[in-house]
């Protein structure tokens, strides 16, 4: 055989051997990858990072007086975020507190009962009313009538003298001897005397007529009222009066507590450690009651992903997972499975074949560990669960 033919045959065999080796390498690589995929599937699911929002507000409206934090500030539980004006509520609180003190004093007085001086005063009023009734019933005494008649006679004599003097002064004034002032003084004394005379005559007529029936009835009524008041004072407060006073005091105390609660609502505080996300208020801004005034974001973040039914056996509560985000491609963040839904979602209407069951997914909530606070709510995240252990050989 020629020398060139031998060379060609050797090259052909080399090529066949190389091709066979390449095919074997491809098959081996595929087999290795398949085996690796079966022993280390590392299932991954994607979702978005979320954070719990806290809407803080007040049950009372009003005007903002102070804003003590800004958006982006980290706040601690109980820290004051802003304050509302409270002058009007303070005035109402003072008024309500005064009413409570007044009602408390009245209740204490009822419980102590009547004081000795009150009892003595009530008894004296009864005695005075009885004496007045007896005097009205008996009518005027003879000496009172005689004195009244004497008063009439004295007043009549005084009027006569005053009239005579007034006439004389009038003549002297006409002659130019006396001044007009002196004439007018004499006329005034005459008129005053006439008024006193008429009053004396009226009193005499009343005394001579005696007491009227309506006067006796009025005196009797006053005596009965005084006696009833004395009995009430001696007996002390009734049980129902004490209960009424207690009820009035309880109502006043409840009103005071409501006002105190409203005052507490004028100071808006952080309900827990968080970050101020939204706070667009200035001093002087009017705010409505029961409306959010600020939005806080809790520092702890989480991501919710959905896994198909055939991966549900790979997930358990408390399981550590790895989380990656596009913003930090070279970083792996730690997470912990906190919740696995008990109910499937996105389920087809009729699941009739095993192939359709993979369309059922279950929600998984993963709590993130971010001590450096690099992550933000809204970031896309990939959650990688631990690989499934290789099945044991029989």
Next on the checklist: Can you find a residue that is touching a strand residue (DSSP E or B) at 6+ places or on another chain (Cβ under 8 Å) and either surrounded by 13 or more Cβ atoms within 10 Å (Cβ to Cβ) or modelled with pLDDT under 95 (or both) anywhere in the stretch 258-266?
Outcome noted: yes
Checklist outcome for this item: Residue hits (the stretch 82-95; closer than 16 Å to residue 253 by Cα and over 15 Å from the mean Cα position of the chain (by Cα)) are 91, 94, 95
Checklist entry - Do you know which residues across the stretch 206-221 are within 20 Å of residue 126 (Cβ to Cβ) and either at pLDDT below 75 or in contact with a strand residue (DSSP E or B) (Cβ under 8 Å, 6 or more places away or on another chain) (or both)? => result 215, 216
Checklist outcome for this item: Note on residue 125: of the conditions (1) in contact (Cβ under 8 Å) with a residue 60 or more places away in the chain; (2) closer than 30 Å to residue 271 by Cα, unmet is (2)
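For (1) buried (at least 17 other Cβ atoms within 10 Å of the Cβ); (2) within 30 Å of residue 279 (Cα to Cα); (3) not assigned by TED's automatic domain parsing to the domain that holds residue 229, each residue gets a yes or a no:
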residue	(1), (2), (3)
75	yes, yes, yes
94	no, no, yes
97	no, no, yes
107	yes, no, no
117	no, no, no
124	no, no, no
Checklist entry - When only residues in the stretch 339-349 that are surrounded by 12 or more Cβ atoms within 10 Å (Cβ to Cβ) and in a loop (DSSP other than H, G, I, E, B) count, which is modelled with the lowest pLDDT? => result 347
Next on the checklist: Take the residues in the stretch 303-333 that are free of Cβ contacts under 8 Å to residues at least 40 places away in the same chain and in a loop (DSSP other than H, G, I, E, B); name whichever of them is nearest to residue 370 (Cα to Cα).
Outcome noted: 318
Next on the checklist: Considering only residues that are farther than 17 Å from residue 68 by Cβ and touching a strand residue (DSSP E or B) at 6+ places or on another chain (Cβ under 6 Å), which ones fall in the stretch 267-292?
Outcome noted: 286, 291, 292
Checklist entry - So which pairs qualify, if the first residue must be in the stretch 360-374 and touching a residue at least 60 places away in the same chain (Cβ under 8 Å), the second must be outside any strand (DSSP E or B), the Cβ gap must be under 6 Å, and the two must be at least 6 apart or on different chains? => result 364/315
Item to check | Only listed residue being at pLDDT 90 or above, more than 30 Å from residue 219 (Cβ to Cβ) and not in a helix (DSSP H, G or I), chosen from 178, 82 | outcome: 82
Checklist entry - Which one of these is over 30 Å from residue 107 (Cβ atoms), touching a strand residue (DSSP E or B) at 6+ places or on another chain (Cβ under 6 Å) and not in a helix (DSSP H, G or I): 336, 300? => result 336
Checklist entry - Looking at 230, 203, 189, 224, which one is modelled with pLDDT of 85 or more, surrounded by 12 or more Cβ atoms within 10 Å (Cβ to Cβ), assigned to a helix (DSSP H, G or I) and touching a helix residue (DSSP H, G or I) at 6+ places or on another chain (Cβ under 9 Å)? => result 189
Checklist entry - Could we say that residue 98 is modelled with pLDDT of 80 or more and under 30 Å from residue 270 (Cα atoms) here? => result no
Item to check | Of residues in the stretch 278-295 being part of a strand (DSSP E or B) and surrounded by fewer than 17 Cβ atoms within 10 Å (Cβ to Cβ), the one farthest from the chain's Cα centre (by Cα) | outcome: 278
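The values are calculated or read from the model by the stated rules, or taken from the named source; none is laboratory data. This one's a predicted model, so the numbers in the text were calculated from it and none came from an experiment. Note that each Cβ is placed from the backbone with ideal geometry, even for glycine, and that neighbours are counted across all protein chains shown.
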